[in-house]
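Coordinate-derived values only; no laboratory data. Here the structure is a predicted model, which is why all the values come from computation and not from measurement. Counting neighbours? That spans all protein chains shown, and the Cβs are built from the backbone with ideal geometry, glycine included.
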Number of protein chains: 2
Amino acid sequence: MAVNLPVPDPSGLHPVRGVEIGIAMAGVRKAGRNDLTVISLAEGSAAAGVFTANRFCAAPVQVCVRHLQTGSAVRALVINTGNANAGTGEDGLARAMSVCRVLADRMDVPTEHVLPFSTGVIMETLPNDRIEAALPSALAERRADHWAQAAEAIMTTDTVPKAASRQVEIGGHIVTVTGIAKGAGMIRPNMATMLAFVATDAVIAPELLQALVREAADESFNRITVDGDTSTNDSFVLVATQCAGHERITRLDSPQGNALRDAIVAVSRQLAQAIVRDGEGASKFITVQVDGGRTTDECRQVSYAIAHSPLVKTAFFASDPNLGRILAAVGYAGIADLDQSTIDLYLDDVHVATRGGRHPAYREEDGARVMKQSEITVRVDLHRGPSTTTVWTCDFSYDYVRINADYRS
Amino acid sequence: MAVNLPVPDPSGLHPVRGVEIGIAMAGVRKAGRNDLTVISLAEGSAAAGVFTANRFCAAPVQVCVRHLQTGSAVRALVINTGNANAGTGEDGLARAMSVCRVLADRMDVPTEHVLPFSTGVIMETLPNDRIEAALPSALAERRADHWAQAAEAIMTTDTVPKAASRQVEIGGHIVTVTGIAKGAGMIRPNMATMLAFVATDAVIAPELLQALVREAADESFNRITVDGDTSTNDSFVLVATQCAGHERITRLDSPQGNALRDAIVAVSRQLAQAIVRDGEGASKFITVQVDGGRTTDECRQVSYAIAHSPLVKTAFFASDPNLGRILAAVGYAGIADLDQSTIDLYLDDVHVATRGGRHPAYREEDGARVMKQSEITVRVDLHRGPSTTTVWTCDFSYDYVRINADYRS
């Protein structure tokens, strides 16, 4: 049911020098599925991450943040699906730490160089014993070309694995950026994302990574929403293995820095849009662009009001050009001095409303034509300033309710 | 499908001295249904209202606000269903004014003593000619005991008419408070409500009415949500016909003022809860109580985060005690310094979570037992202050999607 989202072609997912991926069946929630992924990283690798703003952030997120506070050095990511280890208090923290410790001992690296991630049901006890028992087989299975399998092994309600890859030339060397992500519901990243991992073999000063991951998040995962629910486990980690052989990048505002950033943003954005395309019950991919705001923040407020409105989302599901619902959402977005008489609304190329009312030339059949498409751009022009922003979302269907009513059964 | 919401018994809706109600078929959207209501008020009646905070507020709302700015005197309310006259620009304003003018001329009262209200589809032209043509028959049909019929004539996607009535004794005289409301979707009143009209024959200084209607709204309509969409047409008007014969109330903090306020709050709250019970697709009535906040505002933030979460609402629909979703909503409610380790969560009498994790004594079957009920109280204790608040909402079902995907067809 995902919207124009093909399963990634494994041959298009370039291995990243210094990265090996092993997968195993730990039986976290269900037997017989790959639910444990270990990503091991060459010595000298550095990482940075952005994490959920949810105050109920999960135990693994708290451990990740602590480990990254001790320095950017990282040697392994360990990811389980089936259980989020969130809302689990002190006991959850101990279990996340235990997984890190067991893996670190096996790899003979410091515990704080292991970053743990969990996704799945909230408020249930993590079966860390089963995870730890499966670590040896995951380590034994490691391969450089396991990206597609990893994308599959981290899924929960996703229907399509999500992976993206780019290569750029930097200083005469090919630099690879490859990433995976999971997520379909509880998606309204706030300064962070669902689970996403992007690795590059670029040689880059570790202190630049935090700015880079933040910028990539702002251009990708921080612009999507499925249902407005910010997850307890959102994590987006960028890893640089430093293996590509080119001269070290020490500034982001250099040609080399720009080339790398563009590749990372492109991979991140493709992954973020893949999450929306696979949004629970999604049948349409909606781009909401708000122009003419005084600030980017107010553009964001308006775009999220539209993207979160259940009434707007059900109208998209029904292909019903009930476009007054979009104006209503603009009106309640929280801009106190908004003047409805200056506002224009477009659906793709169709000018629907002007000066707060229906456009004289607007015909219902033009709106209906656009609403039938699987990809639609809503554009609102506030005509009160120079700022603009874009967010991506999906429609709201029977299947969203079915999926979320059935999720645990 | 409404949750424990019987059709009001007409004999329980006490007429209000000085109020007469006439109903007609104007054919606003569909032929053959009562869609026009005129409520005429005795000379000397005073009114006050609170209206939508949506910046795309509808033409009739703008006219109401203007008319009430000229003074509290009011002689008629005119309400149509089928068309909201919202998102209609200058043309919509002219049409709303035209309806007022035609009715005022017929009744021989000033135009600014008529308050117009519209509800229905947004961004379509109001057929004011058909409304004006039906005004004479509505006026001719006026009766004091037409409250139940009026409750029905203002419905849109409502499945049950909403009306409530109370009587209190003030200074040896019986004072009546009777009201009606409509609303089932696009419900997240913000400083206002959907359409609600409460009338009393109390004798009260007109300058007290604004404080009274604001307080009644804060205790009722400003505590409900169905889907988080704030309507363009929310209006809550309180009318006092001054006909009850008791000594004039000049202070709200008097025994007489308190008695009247309590009756008005009780009627308003019953109407507000009726809107939630009839929420689009609702199968459960949920009370969300947040205790222990530093301020009422932060309690409200948390309670609305829970009440708006599609994931929480679908879990209620499914009777699935997937209660981690409630913790996740608490976590993203926007309280920056919230400490998850202090939080308790209860479902009715069941203690679900403590210190940010599952309560040791919590058993899934206890959660499941409560989740099966048609009325459920979620209580969160933040343990960080003395404030508390309560909001009412409903679950989120297949039928919400069906109703809103089909609304215009």
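Here, the range B:268-328 has an Rg and a Dmax of 12.6, 35 Å when only alpha carbons are counted. Note on A:LYS372 and A:ASP406: the extension gain reaches 9.4 nm, defined as 0.36 nm multiplied by sequence separation minus the Cα-Cα distance.
Among A:PHE317, B:PHE236, a tally of other beta-carbon atoms within 10 Å of each Cβ gives an order, fewest to most, of A:PHE317, B:PHE236. If you look at the Cα atoms of chain A, you get an Rg and a Dmax of 21.8, 71 Å.
Determine Rg/Rh for the protein assembly as shown; Rg is computed over alpha-carbon atoms and Rh is the Kirkwood hydrodynamic estimate from the same atoms.
1.03
Ordering B:ILE154, B:VAL74, B:VAL177 by Cα displacement along the dipole of chain B toward the positive end leaves B:ILE154 in first place; charges were set at the Cβ atoms of Lys, Arg (+1) and Asp, Glu (-1). Short-range pairs are left out: with C-alpha atoms under 8 Å and at least six residues apart, the relative contact order of chain B is 18 percent. Subtracting the Cα-Cα distance of A:ILE174 and A:GLU90 from 0.36 nm times their residue separation leaves 25.8 nm of extension gain. Stokes-Einstein D for the range B:224-266 at 37 °C, 0.692 mPa s, Kirkwood Rh over Cα pairs, in µm²/s? It diffuses with D of about 248 µm²/s by this estimate. Here the Gaussian network model covers chain A, with springs between Cα atoms less than 10 Å apart; of A:PRO136, A:PRO360, A:PRO310, A:PRO360 fluctuates the most. Computed from backbone phi, the HN-Hα couplings of the range B:50-65 come to 10, 10, 3, 8, 5, 5, 8, 5, 5, 3, x, 5, 4, 5, 3, 4 Hz, rounded to whole numbers (Karplus: 6.51 cos²θ - 1.76 cosθ + 1.60, θ = phi - 60°; Gly and Pro given as x). Of all lysines in the structure, those lying under 26 Å Cα to Cα from A:LYS182, and not within fewer than 8 positions of it along the same chain, are A:LYS30, A:LYS162, A:LYS284, A:LYS313, B:LYS313. Each label point was placed 7 Å from the Cα along the Cα-to-Cβ direction; for B:GLN69 and B:SER341 their separation is 5.4 nm. GNM remark for chain A: springs join alpha carbons under 10 Å apart, and the peak mean-square fluctuation among A:ILE21, A:ILE170, A:ILE180 falls on A:ILE170. This ranking places B:TYR362, B:TYR332 by how few other beta-carbon atoms lie within 10 Å of each, fewest first, which gives B:TYR362, B:TYR332. Computed from the C-beta positions of B:SER137 and B:ALA53, the FRET efficiency with R₀ = 41 Å rounds to 0.70. 3J(HN,Hα) along the range A:28-38, derived from phi through the Karplus expression 6.51 cos²θ - 1.76 cosθ + 1.60 where θ = phi - 60°, amounts to 4, 10, 10, 7, x, 10, 5, 10, 10, 10, 10 Hz, with x in place of Gly and Pro. Overall shape of the range A:285-406 was characterised from the C-alpha gyration tensor. The equivalent ellipsoid obtained from it has semi-axes of 23, 18, 12 Å, in decreasing order.
If you run the Gaussian network model on chain B, springs between alpha carbon atoms under 10 Å, then out of B:ASP395, B:ASP349, B:ASP145 the most flexible one is B:ASP349.
Mean separation of Cα pairs under 8 Å and 6 or more residues apart, divided by the residue count, gives the range B:285-406 a relative contact order of 46 percent. Sorted largest first, the principal axis extents computed over the alpha-carbon atoms of the range B:78-140 equal 31, 21, 15 Å. Cα centroids of the range B:291-358 and the range A:135-153: how far apart, whole angstrom? The range B:291-358 and the range A:135-153 have Cα centres spaced 37 Å from each other. The order of A:THR178, A:THR125, B:THR393, going from fewest to most other C-beta atoms within 10 Å of their C-beta, is A:THR125, A:THR178, B:THR393. Here's the list of aspartates and glutamates a cross-link from B:LYS372 could span, going by alpha-carbon distance under 13 Å and ignoring same-chain residues fewer than 8 apart: B:ASP320, B:ASP348, B:GLU364, B:ASP395. Amide H contacts for B:VAL239 (H built 1.01 Å from N in the peptide plane; partners 5 or more residues away or on another chain; cut-off under 5 Å): B:VAL198, B:ALA199, B:THR200.
In the range A:1-65, Rg over Rh equals 1.03, where Rg is the alpha-carbon radius of gyration and Rh the Kirkwood radius from pairwise Cα distances. With all pairs of different C-alpha atoms in the average, the Kirkwood value for the hydrodynamic radius of the range A:168-290 is 14.8 Å. Computed over the range B:220-342, the percent of Cα pairs more than 21 Å apart is 55. Using the alpha carbons alone, the radius of gyration of the range A:47-122 stands to its Kirkwood radius in an Rg to Rh ratio of 0.94.
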